[in-house]
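Following: one structure in structure tokens, then a few remarks.
Any read-out appearing in this document is the output of simple, stated calculations on the displayed coordinates, not a laboratory observation. All figures in this text were calculated on a predicted structure; none of them were measured in a lab. Cβ: placed from backbone, ideal geometry, glycine included. Neighbour counts: every protein chain shown.
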Amino acid sequence: MEKIIEIKRIPRIEGHLDFDVKITNNQVLYAHAKAVEGTRILEKILIGKNYWEVPEITSRMCGVCHAIHKLTAVQAIENAFNLEVPEDAILIRKLIAIGGHIQSHLLHLHFFVLPDCFDVESILDLININRELVLKVIKLKKFSNDIIERLGGTMVHPIVPIVGGLSRPPRKSTLLRIKENLNEMKKLAIPIVDAIFNARFPKFERRTNYIALCDEKSIPLLNGFIASSNGLKFKPSEYLKYFIRKKESYSTALHYLLMNDESYMVGALSRLNINFRYLTDQAKEFCKKYNIKFPMYSPFANNIAQALEIIHFLNETEEILANLIGKKQIDYYTNFIPKAGDGVAATEAPRGLLIHHYRTDRDGRVVWANIITPTAQNLKNMEIDGINFVKALLGKTNNIKKEVEKLVRSYDPCISCAARFYREE
Amino acid sequence: MLTKFLIISKQNLIHLLEKLSKKFVIFGPKKQNGNIIIDKINDLSHLVLEYEGRSLIPPKKFFLPPTEVLFEYEIEKDNIKIWDKLVELKKQKRILIGIKPCDISSLNILDKVFIREFHDPYVTTRRQNTIIVGITCETIVDTCFCVFTDSGPLVREGFDLLLTRIDESYLVEVGSEKGGQLISKFDELFQPAPQEFIRAREEKMESLIEKISSLVLPNFSEMYDIMVKNFHHEIWKELSNQCLSCGKCNFVCPTCYCFDVYDDVDLLLKHGKRIRRWDSCHFLSFTRVASGEVFRKERETRIKQRIYHKLVYSVNDIGVISCVGCGRCINVCPAGIDIREIVRELWRGE
Amino acid sequence: MENPYIPKLAIIKDYRDETPDTRTFQVRFKDLEDIKKFKFNPGQFVELTVFGYGEAPFSISGGIDKEDYFELTIRKMGTVTSALFRMQRGSIIGIRGPLGRGWPIEKMLGKDILIIGGGIGIAPLRPVIHYIKLHREKFGKVILMYGARTPKDLLYKYEFDDWAKFIEVHLTVDCGDETWKGRVGVVTVLFDEIEVIPEKTIALQCGPPIMMHFVTKMLKKIGFPDENIYLSLERLMKCGMGFCGKCTISGTYVCRHGPVFCYTEVRGFLEKIPEAGE
Amino acid sequence: MKMSYERNTKPKVGIFTLSSCEGCIVQILNLEETLLEILEHIDLVDCRVLGVKHVYDKLDIAFVEGCVMSKEEEEEIKKIREKTKILVALGDCACSGGKFMMKDFEISELRVSLPGGREVFRADPIDKFVKVNYYLRGCPINREEFVELVKDLLLLRLFKESPLSVCSECILREQECLIDQGYPCLGPITRGGCNAVCPYNNKICYGCRGLSEDANIDSLINIFKRRGIPVPPYLLSLKKLVISKR
Ligand SMILES: Cc1cc2nc3c(=O)[nH]c(=O)nc-3n(C[C@H](O)[C@H](O)[C@H](O)COP(=O)(O)OP(=O)(O)OC[C@H]3O[C@@H](n4cnc5c(N)ncnc54)[C@H](O)[C@@H]3O)c2cc1C
Ligand code: SF4
Ligand code: SF4
Ligand code: SF4
């Protein structure tokens, strides 16, 4: 008996993804994660563009993780120009990134995943079941978006981060206002995160390579070296030596593997599997309370990791704000002259490791560009998990589709990002 | 009323404002980024009384705000309840300090527009509730030409008090009863003005007039016939190639007052507001009617609308030209369109 | 002092359909005081508010002979008018006015009158006809020339018979149908049916710009002195009081100085206005 | 007395995404409480991002984000058009194919080898294939403007795009002009409605909302030249595009 389970346009993820699993005689032959969106040839469009246009355009890769795309592009160009950016500017950028992470995690966990746990179609149905929780989520999401808007100028595709620093510094009153709301938000976050810990996820484990940024003192978002759970450790600029790209005929996204053809996972789970000990105390309390220990090996644990990060990043916001508010003046910009160069930046997007790489000519125009998004890196791992997960499910459920959807969703894939890339050989 | 002159030291002026701030909300010039803007002064140390040229947006914004709710209403099943926003306006008492003579002249012009057959009660109420403390210029910027529009560097009316810096003090001209009353309770802060102070002001004005007069221009009030004659002059076509139809010149002009009116309402169709907001005769939508027709489709006709309004239509309508020579439109126009150049060219052609 | 921006509440007393997209509304103020105060001259207009939708100007098309209400004839065009068409009898609207300057009744006394209307432009002329009916002896010969696109688009058909009792009525349509037995063609074709002594006749016209353009030309051709020609202009209008600047033509406010103008006044406009035969 | 100010019944609404970053939908989600309020007045029957998929044959309003990049998407937008009374293009992708944001006025039907075996790259605005009733411009759309549009649709008012230019909005916020400081700001020729956020944040207007009515591109190019500001290449290709459309 042969059958192909085809899932079309998986709902409640970012972008358009189909997922096929082929089963023959109770054997799972393959699983294909098929990005079906139009490929936007950003790397081609970027060629010839002025350096300052690059962050504007690359930010448009994704409407959810726009902030980190913009920041990564800015940093890559800065690296190409060998620029030192003022410390304060970096702190404010980090706050913008944190705002992006929290809103993205909430969107994923509460808008996309939680409906599964309550067996409903969407968050709109959740409103009828637990209105209070939904309102809390909305409030916290609004707060995280506010951080982006107040510091970044706009909520989606923030405009303030530019090559050299920021286009304008925040007013002190802005920082104070964010701080003012922070305490309430920390309280609000507790039941929000509890809801995820209390949710039931399928039981499924498979150990893989976990890759994330690491700086041996924090859970870095914007800077660090790249580390894997299997002991790899390298500078972002060496990425081409470690990652290989695979074109799959069924997908408009590129799929990535490690040099030894192994798949790997990036994202919140990888971040915590590698950097668990730098989690803030408040976040660690949750692990104690729910008796959870990292590293974890279930793709579904990515949801737990995201939830913990919400707490962690709120705590970090508090620290950074205190630091900034104490300053007399905010140093926000360094002057520079564009030049020919080659710059790589690796950051942590909400969904994991993100790499931007640009080469510029003398006038600061782009001559070559390459971008690797987290979802593109995860697709292969997702396929292998798919095979194993379906194997484990065979005979145990008659709604395999729904369970596979859950698996795909737990990766928090972002096809808008992944289906964007193309490079001329 | 007899003209009355006093002097007040810089320090005492701040004292005075401090005291007045208990009863009045104080608005005045302050720095924002590179610009001088007129804004609420919460901290008197931010007040910049001596500034070059004039503020970016003119003080008309305090009488005819960029957007203003005229009234609000509640739609009920078989009734409509209306709240007139005028009621709140009547309670506000304000002092507008640091207004330049050209801008004071512009307020006089706006009065002629808004107080006639019909009274615009919003503008008039704000005028009544606002005390104008003007200040004469120290220096000019290269776009100033008030001398040619008879609106500076000194004004005769339209202010309650008019300051002129003389060394470390201000010569204060009391321009109205309201102005006199305002300071009558603070006699101890003032001294009578010695004659040489008044002379010093005259000298200052003369040197300003001399500077501005170096521009070769006609008096704008005498341009009426020339303008009428040159309605089809080729200069308008040239200008229409340059103008971007961006509308900035209208928004910064202290005598441009056109506005649009619309209703805003909530989703339930319960609570609504009637709002007016500044509009610009450079926009196509300015004259677009329901059928889609636009009465001034050609850019040329829209440029003419603005310039002719200043120099011709205004004379027909209120008896005076409505350009006060502040030069704002010249400063902000990205295309560098300069009303002085236009006037000069047409005038020279005569 | 009253705030002239605030509309007075009024009720849609009744309405009747004139054509598929045009309706005549009878409007009565809610407050008795307002009813008493409201006196208008033919040719004046009001600003009508549909709460939540906005305000728009409309000529008063009837009610000169009525104690407690007046009429507006309105074509469905956009936001305000469509909202108005969705309203039922008894609904509340807002009215400001009467505003503007109407037809020159003083000057018309004792004279012959030529009334020329095109399409919905007949609306502001109807009160003149009603006025003449009430004071027939004060006028000489009165002629109405009225044109519309099709017979269906003729407004006030039900009153034509009555009008014909005290004035000459000439009708035409741009394009007829099987029921139509009258003239076909634009309004100017009717000039060959009428006899006027231009020097002692006052011509009043309102209609689309293109019509007024040709009618003015024709009037001048047959010898009408400029000061005997009157027209009602239409421009985008907001405040209706000469502040907002939207309706100005060459600096003249259509709302405050008009909407009715003597041809001598508009002739001198620097801006071209097709309505005036320029 | 009868109800005069009556709201009609809840319209059936769908929110669709073609190829895009989904930032416009995220903007809608970012309305937070206001969105909940809107949802009480509409019947949302289709929205993949939110996981809503009800059975329906007709829609009253379809919001479509994204541009058309493939034959399938072309079919999809045609199908949506057939089903809906009102079609709203959300964002620069849907309004212009993303041209104004990507500053790609010349790329169309480019031959390249793409993943998934495709060979031609294209990005088209949806009005190339179907009639669009309303446009919400910008990248991303402006939240307030979206609410205004929804309100106008629900209350049967005509939605009007902002008449202002970005430049005039900028001066209303009393900003120092960036062109005066030597930067190639597109504010003077760009349609307003964004409240000049970019110049307000000290960054030039990139023109994502498309051209303002009667935009004078030639003059802006001359202004840049006269002031010694390097003319951005995209301004020249934009000019070509406008001329070719005439
Ligand atoms: C003095 C005068 C008398 C008029 N008399 C009549 C009449 O008797 N019957 C009739 O059907 N129409 C008349 N009109 C035209 C009528 O005002 C417009 O059809 C109406 O404003 C359309 O409004 P709307 O909201 O439905 O259309 P929209 O296009 O949605 O209009 C939006 C706004 O634009 C303004 N506007 C649009 N078109 C016009 C216009 N042509 N004139 C003035 N303002 C406009 C209105 O203020 C309105 O609020 C008259 C206009 C004027 C100036
Ligand atoms: S036209 Fe120009 S110079 Fe004259 S008052 Fe207006 S802004 Fe000032
Ligand atoms: S500011 Fe200059 S470019 Fe802009 S509308 Fe006015 S005249 Fe035209
Ligand atoms: S910065 Fe840009 S938008 Fe602002 S005034 Fe200058 S040109 Fe206009």
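State the answer as a single residue: which of C:SER250, C:PHE224, C:TYR158 lies farthest towards the positive end of the charge dipole of region C:131-253, with beta carbon charges of +1 for Lys and Arg and -1 for Asp and Glu, about the Cα centre.
Of the options given, the answer is C:SER250.
In deg cm²/dmol and to the nearest 500, what is the mean residue ellipticity at 222 nm of chain D if only DSSP H runs of at least 4 residues count, each as -39500 (n - 2.57), divided by the residue total?
Rounded to the nearest 500, it is -9500 deg cm²/dmol.
Relative contact order of chain D: what whole-number percent is it, with Cα pairs under 8 angstrom and at least 6 residues apart?
Computed over chain D, the figure is 16 percent.
Give me the net charge for the shell around B:LYS81: Cβ to Cβ below 12 angstrom, other residues only, Lys and Arg +1, Asp and Glu -1.
Net charge in that neighbourhood comes out at -3.
Please order D:SER237, B:SER280 by the number of other Cβ within 10 Å, starting at the fewest.
Sorted ascending by nearby Cβ count, the order is D:SER237, B:SER280.
Could you compute the FRET efficiency for D:GLU176 and B:GLU76, with r as their C-beta to C-beta distance and R0 at 41 Å, rounded to 0.05?
Computed FRET efficiency for D:GLU176 and B:GLU76: 0.30.
Please work out the FRET efficiency for the pair B:ASN241 and D:GLU33, using the Cβ-Cβ distance as r and a Förster radius of 51 Å; give the result to the nearest 0.05.
Efficiency for this residue pair is about 0.55.
Just list whichever of B:LYS310/D:LYS239; B:LYS61/C:LYS8; A:LYS246/A:LYS396; B:LYS19/B:LYS93; C:LYS8/C:LYS39 have alpha carbons separated by over 24 Å in the model shown.
B:LYS310/D:LYS239; B:LYS61/C:LYS8; A:LYS246/A:LYS396
Once you wrap a convex hull around the alpha carbon atoms of region C:54-212, what is its projected area averaged over all directions, in nm²?
Hull-based average projected area comes out at 10.9 nm².
For A:ASN399 and A:ASN230, what is the calculated FRET efficiency with R₀ set at 41 Å and r taken between the beta-carbons, to the nearest 0.05?
Using R0 = 41 Å, I get an efficiency of 0.75.
Which value, in debye to the nearest 20, gives the size of the charge dipole of chain C about its Cα centre, when Lys and Arg are +1 and Asp and Glu are -1 at the Cβ?
Charge dipole of chain C: 460 debye, to the nearest 20.
Could I have the simple spin-label model distance between A:ILE5 and B:GLU202, label points 7 Å from Cα toward Cβ, reported in nm to one decimal?
10.0 nm
Cα-based Rg of the protein assembly as shown per 2.2 N^0.38 Å, rounded to two decimals?
Its radius of gyration relative to the 2.2 N^0.38 Å reference: 1.04.
Return, for the Cα atoms of region D:12-154, the radius of gyration and Dmax in Å, separated by a comma.
15.1, 47
Quick one: Kirkwood hydrodynamic radius for chain A, alpha-carbon pairs, angstrom, one decimal?
The answer is 21.8 Å.
Check the straight Cα-Cα distances from A:LYS401 and name the aspartates and glutamates below 12 Å, setting aside those fewer than 8 residues away within the same chain.
Answer for A:LYS401, where 12 Å is the Cα cut-off: A:GLU6, A:ASP18, A:ASP20, listed by chain and number.
Over 27 Å between C-alpha atoms is what I'm after, so list which of A:LYS247/D:LYS78; C:LYS133/C:LYS157; C:LYS30/C:LYS238; A:LYS380/D:LYS53 land there.
Violating the 27 Å limit, Cα to Cα: A:LYS247/D:LYS78; A:LYS380/D:LYS53.
How high is the relative contact order of chain B, given as a whole-number percent (alpha carbon pairs under 8 Å, six or more residues apart)?
22 percent.
Can you give the mean number of other chain Cβ atoms that lie within 10 Å of the Cβ atoms in peptide B:289-296?
5
Step through the table entries A:LYS70/A:LYS233; A:LYS235/A:LYS339; B:LYS23/B:LYS81; B:LYS273/D:LYS83, compare each Cα-Cα distance with 30 Å, and write down the pairs that go over it.
Beyond 30 Å: B:LYS23/B:LYS81; B:LYS273/D:LYS83.
Straight-line reach from A:LYS142: which aspartates and glutamates have a Cα under 12 Å away, not including same-chain ones fewer than 8 places off?
Excluding near neighbours in sequence, the set is D:GLU32, D:GLU33.
Taking 7 Å along the Cα-to-C-beta vector as the label spot, tell me the C:HIS135-A:ASP281 distance in nanometres, rounded to one decimal.
For C:HIS135 paired with A:ASP281, the spin-label model returns 9.4 nm.
In a shell of Cβ-Cβ distance under 12 Å around A:LEU272, excluding A:LEU272 itself, what net charge do Lys and Arg (+1) and Asp and Glu (-1) give?
With Lys, Arg at +1 and Asp, Glu at -1, the neighbours total +2.
What value, in deg cm²/dmol to 500, does the helix sum -39500 (n - 2.57) over DSSP H runs of n ≥ 4 give at 222 nm once divided by the residues of chain B?
Value at 222 nm, helices only: -9000 deg cm²/dmol.
Per-residue Cβ counts within 10 Å, from other chains only, averaged over A:53-62: what number is that?
Counting Cβ atoms of other protein chains within 10 Å of each residue's Cβ and averaging gives 4.
When Cβ neighbours within 10 Å are restricted to other protein chains, what is their mean count per residue of peptide A:154-165?
Whole-number average of other-chain Cβ neighbours for A:154-165 is 4.
What is the distance, in nm, between label points placed 7 Å from the Cα along the Cα-to-Cβ direction at B:GLU293 and at B:SER176?
About 4.3 nm, to one decimal.
Once you keep just the Cα pairs under 8 angstrom separated by 6 or more residues, what percentage relative contact order results for region A:1-78?
18 percent
Quick one: order B:CYS253, C:CYS262, B:CYS281 by neighbouring beta-carbon count within 10 Å, fewest to most.
Ascending Cβ contact count within 10 Å gives the list C:CYS262, B:CYS281, B:CYS253.
With both partners inside the protein assembly as shown, how many of the DSSP beta bridges are antiparallel, as a percent to the nearest 5?
That works out to approximately 70 percent antiparallel.
Would you mind ranking C:MET108, D:MET102 so that the residue whose beta carbon has the fewest other beta carbons within 10 Å leads the list?
Going from least to most buried by this count: C:MET108, D:MET102.
What does the net charge come to around C:CYS206 if you take all other residues with beta carbon closer than 14 Å to its beta carbon, with K and R at +1 and D and E at -1?
+2
Okay, helix-only estimate at 222 nm for chain A: each DSSP H run of n ≥ 4 adds -39500 (n - 2.57), divide by all residues, round to 500 deg cm²/dmol; what do you get?
-14000 deg cm²/dmol
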